[in-house]
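Heads up: the structure comes next, in structure tokens.
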Amino acid sequence: MNPDLNLNQLRTFVAASDSMSFVGAADAVHRSQAAVSMQIMKLEDTVGQALFARHTRRIELTAAGERLLPYARQMLALEAQALAALRTQEVVGRVVLGAPDDYVASLLPPVLERFTKLFANVEIELVCLQSTLLKPLLQKGQIDLALVTRAEDLEGTLIRREEMVWVGSQRHAVWKKSPLPVALFDKGCMAREHTLAALDKSGRPYGASYSSPSLLGIVAMVDAGLAVAALAECSIPPHLVRLGDAEGLPPLEPLEVVLIRGRSSNTPAVECLAGEIMAALRPLRAVA
């Protein structure tokens with residue numbers, strides 16, 4: 001008799017692979033670390049192979065874990081879609097969703113369009129703030145879900161990785177200037193940290209005279225020919241020029257987009273919206 005895969009164990013397995021930590025997985029699935037370890041052991045017993053290599057302070061996927069991960073993601077996404085379809089008529093309520101304005105503009109519109117068609121009786125309130133500014137609102141219970149950039153103090157379920165790309169104005173070749181004028185997001189933003197880290201590593205002289213907390217502000221500065229900027233690929237306006245090695249600009253580390261649930265936000269409306277976000281925005285292949 002073939003063993004059956006348990007969805008709760010798969011959910012814990014995915015959470016552990018996203019955070020590469022049983023402690024992080026415990027926080028994500030709201031279980032104790034001991035319960036997480038037990039679920040992983042049971043799943044490993046079911047498949048007959050070790051899924052994680054355990055080290056003193058971290059874990060990493062084995063080859064078997066890498067093979068299982070994309071299937072686990074698909075199974076959980078299908079579960080979320082099935083439950084959403086069944087709950088279409090009965091779910092009511094309100095969900096407060098937080099995200100930076102670039103994710104709101106580029107990633108969320110198709111998700112929200114589909115969700116409102118399925119769940120007409122659920123009200124959604126959007127809070128557009130920089131990722132780090134959403135953390136205290138999550139802690140205070142003022143936000144149910146947050147789609148944010150992963151940072152040291154912002155851990156959640158990994159949704160996707162977004163490449164960062166240099167952009168400039170078609171009308172102003174400011175990338176030829178020295179020092180290089182750069183427009184940055186405000187302090188605390190991971191996009192800013194990745195940009196500065198890449199420039200410092202490259203050794204190219206630059207000046208960070210322009211900053212803004214919003215995508216619109218950054219795009220306005222670039223469009224006016226004041227500076228170049230590094231943006232998440234999903235949020236690059238089509239009229240801007242993509243830049244790179246040919247223009248003397250260094251490679252950039254990608255951003256990790258994660259979904260964080262408020263600790264007390266476990267209503268059917270919240271669960272359905274979280275399921276729709278994961279199903280729509282996660283690639284079918286493992287995010288590795």
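Sorting 71-79, 241-249, 155-163 by their mean Cβ neighbour count within 10 Å, with the most densely packed peptide first, gives 155-163, 71-79, 241-249. Not counting ligands, DNA or RNA, and with a 1.4 Å probe, what is Trp166's accessible surface area in Å² rounded to the nearest 10? Around 10 Å² of this residue is reachable by solvent. Sequence-distant contacts, meaning Cα pairs under 8 Å at least 6 residues apart, place the relative contact order of the range 46-189 at 20 percent.
Principal-axis analysis of the Cα atoms of the chain puts helix 108-118 at an angle of about 40° to the longest axis.
Ordered from highest to lowest accessible area with the whole protein assembly present and a 1.4 Å probe, Glu276, Glu60 read as Glu60, Glu276.
If you sort Met38, Met278 by accessible surface, 1.4 Å probe, largest first, the order is Met38, Met278. Taking a straight Cα-Cα cut-off under 13 Å and skipping sequence neighbours fewer than 8 places away in the same chain, the aspartates and glutamates within cross-link reach of Lys42 are Asp4.
Most simply put, the chain has about 60% antiparallel DSSP beta bridges, counting only bridges with both residues inside it.
On the basis of the beta-carbon distance and an R0 of 22 Å, Asn266 and Arg114 show a calculated FRET efficiency of 0.50.
Its relative contact order, with pairs defined as Cα atoms under 8 Å and 6+ residues apart, puts the chain at 23 percent. Using just its DSSP H runs of length 4 or more, each adding -39500 (n - 2.57), the chain gives a mean residue ellipticity at 222 nm of -13500 deg cm²/dmol after division by all residues. Determine how large the accessible area of Ser202 is when every protein chain is in place; take a 1.4 Å probe and give Å² rounded to the nearest 10. So the heavy atoms of Ser202 present about 60 Å² to solvent. Residues of the range 211-239 with the amide nitrogen closer than 17 Å to a label point 7 Å from the Cα of Leu126, along Cα-to-Cβ, please. 214-217, 234-237, by backbone N distance to the label point. Note on Glu233 and Arg94: their simple-model spin labels are 3.9 nm apart, each label 7 Å out from Cα toward Cβ.
With all protein chains in place and ligands, DNA and RNA left out, the 1.4 Å accessible area ranks Ser211, Ser169, Ser178, Ser19 as Ser178, Ser211, Ser19, Ser169, largest first.
Taking the alpha-carbon centroid of each part, what is the distance from the range 225-260 to the range 56-130 in angstrom? After rounding, the separation between the Cα centres reads 25 Å. Model label sites at Leu137 and Ala220, defined 7 Å from Cα along the beta-carbon direction, differ in position by 2.1 nm. Rolling a 1.4 Å probe over the protein heavy atoms of the chain, with every protein chain left in place, gives an accessible area that is 53 percent carbon and sulfur. Gain on full extension, evaluated as 0.36 nm per residue between Gln74 and Glu152 minus their Cα-Cα distance, stands at 25.3 nm. Accessible area per residue for the chain is 50 Å², calculated with a 1.4 Å probe on protein heavy atoms, without ligands, DNA or RNA. When you restrict to C-alpha pairs under 8 Å that are six or more residues apart and normalise by the size of the range 134-251, the relative contact order lands at 35 percent. Here the extension length gained between His30 and Glu247 equals 73.4 nm, from 0.36 nm per residue of separation less the Cα-Cα distance.
The values are calculated or read from the model by the stated rules, or taken from the named source; none is laboratory data. In this text the structure is predicted, and so the values were computed from the model without any measurement. FYI the Cβ positions are ideal-geometry reconstructions off the backbone, even for glycines, and counts take in every protein chain you see. Side chains are part of the model used for accessible areas, which takes the heavy atoms of the whole protein and leaves out ligands, DNA and RNA. Shrake-Rupley method; radii C 1.70, N 1.55, O 1.52, S 1.80 Å.
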